[in-house]
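Here is the structure we will look at.
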Amino acid sequence: MTKKDNPAENVIEFDVSDNEVCNPSENRPFSDVLAKKMSRRNVMSGSLAVAATGFMTTSGVSEAFAYPGFNNLVDFTPVSVADGNGPMPTISEDYEYQVLIPWGEPIVPEGPSYQYPPSAENQANQIGIGHDGMSYFPMGPRGREFDQNDFSFVFGRGNRHGMLVVNHEFGGNTHVLGKAFPESLDDVRASQHAHGVSVVEIKRRSGTWETVSSNNARRIHVNTPVQFSGPAANSELLKNLANNAPQGTVNNCGNGQTPWGTYLTCEENFNGYFGTNNESWIATEEQNRYGISSTGFGYGWHVFDERFDMANANYINEINRFGWIVEIDPYDATKKATKQTALGRFKHEGAAVTEGKDGKAVVYMGDDQRFDYIYRFVSKESWRAMRASGRSPLEEGDLYVARFNDDGTGTWLKLSIDNPILAERFNDQAEILVYARIAADLLGATPMDRPEWTTVAPNGDVYCTLTNNSQRSEPNAANPLAPNSDGHIIRWRDTEFFTGEDFTWDIFVFAQDTHGTEESFSDPDGLWADPFGRLFIQTDGGQKDGLNNQMVVCDIEKKEFKRLITGVTGDEITGIAVTPDQRTMFINVQHPGNGDPSLTNFPALPDGQTIPRDCTLVITHKKGKVIGS
């Protein structure tokens, strides 16, 4: 996330609460651990050969279908530092890109066309703003259920026809409404409808991707009916005196994709959409831990929509309905989006899903705020058995938080009411999940430097981007990253095939070590490990060496980095989705120019006037090779 302050209007244009500190605990800082750990930096340098182990990768394709025989995993001409800036994207000369679904385009071709600024009614049926995490779901013959083992889905037509699900994280008032503050409920609705998720059906025709008419295309926004599932679904902490039905999802950041064909959208900085003009309102301990304030991020929704007024007693628990992972069936618009409470409530950045011991679903998640934590969820039973009985594998299971030890080992601490430490503070498991951050504090989890995206490599290593933390202040010879202005990537390997309580870990790369070279990058954010031993790294923050934000590709074993694409002035590069054959990749250009047409007009050509629009880029190799090669 990036920041743009407007002092004249005293309005924060973009959501920056992940840069604040909401953790008052005195848990041992990660810098203490890392200082002792760096002498053992290569503890996990094991082979990264792609082996057919049978568990699902994040692309939804068994790694048994990986392409063997690569001698050079990143054999493309990289974008040079000198060329990696400006108002238009720069891509490797071996690749090309197409613009798809910019903000304001209709979700189906016959829908309302783009007009600026949007009306509330139109925006509810148009692509949202703030494109972020996304997934591609291949289509098979109509009328058939998704089947991960059916080759008609994962190969053949599935590479040219699918459902694309895209998160819409945020858009400031000036960008969306053309004004610093809403003046009516209609303004608020337009802003609300620009957030959330878009589900579109897309096809490749004559080499070009386009949206097509679809019964399953839809917008899921702040006012869309949703439902809760799992241990906290019926908690009093999710009920209001107004007795209003659950609605909406907001600040949808990273994502996940399940092997049973559903999409996970992650609610991150939800706190910024709530506020109050009531000067007597005082935040509770729990609300302070989640960064809730009277002003929020300056959206002003609370002025016209009472759901978002923190002082309105009728909606006292409305804010507890946000901060969850939400499961969406892209193939069935009749099903409500479901907030899965077993995965805990915090500022979710991503959700990497894999299959663990006994077929259990395992989800790795980051809480994107300075000094917050890394979490893991393990389903109660085999995901296949749970699906066969009509349940989501995410409804029941155990939530853990990570503690990193000095010796290169770590422990997953279970957030359970059976733990006397938690039973003394909380009434039941539901309350633990609603206030997962506080439960993690009490267990002594390790405060991290803004954990963002997670990804699981084919060999079982798990990676997490720690984007930065300028407030870390304990430098020492073994840990020069204080403050950690540029971030790093950590990796670990769990015991017992993703389900054990112990793990080993090391630091994969410090971003600052790349500066001054052609491999330069900072502030790692988006992340994906492909089936072949490559790591795709996307950035969000102040790049060094004059670069725009970018996506680099890394040969994991060689630690060789090459820059595949850079974005435009003032943007973030985020979101990764691929077709099953790995030959088409979708990424996003978020908040180009921070909405300022004097910086860029992308996806329009530069003219200094056209409002820039978030959009998806479709990337392909000019010779049809697998992306990254």
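Take the alpha carbon atoms of the chain, find their radius of gyration, then divide it by 2.2 N^0.38 Å using N residues; give the quotient.
Working: Rg = 22.4 Å, N = 629, 2.2 N^0.38 = 25.5 Å.
Output field value: 0.88.
Ignoring ligands, DNA and RNA, please state the percent of accessible area on segment 411-476 from carbon and sulfur, probe 1.4 Å. Intermediate results must be reported in sequence, preceding the final value.
Values: 920 of 1950 Å².
On segment 411-476, the fraction of accessible area on carbon and sulfur atoms equals 47 percent.
Give me the aspartates and glutamates in straight-line cross-link reach of residue 380: C-alpha distance below 13 Å, same-chain residues under 8 apart excluded.
Correct list for residue 380: 355, 358, 395, 396, 398.
Run the paramagnetic zone check for residue 545: 7 angstrom along Cα to Cβ, then residues of segment 484-512 with backbone nitrogen under 12 Å.
Counting backbone N atoms under 12 Å from the label point, the list is 512.
Applying the Karplus parametrisation 6.51 cos²θ - 1.76 cosθ + 1.60 with θ = phi - 60° to the phi angles of segment 218-226, what ³J(HN,Hα) value in whole Hz is obtained for each residue in order, glycine and proline being reported as x?
Here the 3J(HN,Hα) series is 6, 9, 10, 10, 5, 10, 7, x, 9 Hz.
Which lysines, on any chain, are close to residue 544 with Cα under 24 Å apart, when same-chain ones fewer than 8 places away are left out?
Filter leaves 3, 4, 558, 559, 562.
If you average the C-alpha positions of segment 500-539 and of segment 69-113 separately, how far apart do those two centres end up, in angstrom?
Between the Cα centre of segment 500-539 and that of segment 69-113, the gap is 21 Å.
Quick check: at a probe of 1.4 Å, how many percent of the accessible area of segment 216-332 sits on carbon and sulfur atoms?
46 percent
What is the gain in length, in nm to one decimal, between residue 513 and residue 116 on full extension, counting 0.36 nm per residue of separation less the C-alpha to C-alpha distance?
Working: separation 397, 0.36 × 397 = 142.92 nm, distance 4.32 nm.
Going from the current span to full extension adds 138.6 nm.
What does the extension gain come out to for residue 210 and residue 20, with contour length at 0.36 nm per residue minus their alpha carbon separation?
Numbers: separation 190, 0.36 × 190 = 68.40 nm, distance 3.97 nm.
Here the segment from residue 210 to residue 20 would lengthen by 64.4 nm.
Averaged per residue, what accessible area in Å² does the chain show with a 1.4 Å probe, protein chains only?
Numbers: 21140 Å² over 629 residues.
Using a 1.4 Å probe on heavy atoms only, each residue of the chain averages 34 Å².
Output wanted: per-residue J couplings in Hz (rounded whole) for segment 168-181, from phi through Karplus 6.51 cos²θ - 1.76 cosθ + 1.60, θ = phi - 60°, x for Gly and Pro.
Using θ = phi - 60°, the values come out as 10, 6, 6, x, x, 4, 4, 6, 7, 9, x, 8, 6, 8 Hz.
Which of the three applies to segment 416-485, rounded, prolate or oblate, going by the alpha-carbon gyration tensor with a ≥ b ≥ c and a/c under 1.5 meaning rounded? Each step should come with its number before you reach the end.
Details: a/c = 2.73, a/b = 1.60, b/c = 1.71.
Verdict is oblate for segment 416-485.
Treating each Cα of segment 372-498 as an identical point scatterer and ignoring solvent, apply the Debye formula and state log10 I(q)/I(0) at q = 0.17, 0.19 Å⁻¹.
For the requested q values the scattering log ratios are -1.04, -1.20.
The values are calculated or read from the model by the stated rules, or taken from the named source; none is laboratory data. Keep in mind it's a predicted model, so treat the numbers as computed, not measured. Ideal geometry is used to build each Cβ from the backbone, glycine not excepted, and the neighbour counts take in all protein chains shown. Accessible surface is based on the protein model in full, side chains and every heavy atom, while ligands, DNA and RNA are left aside. Shrake-Rupley method; radii C 1.70, N 1.55, O 1.52, S 1.80 Å.
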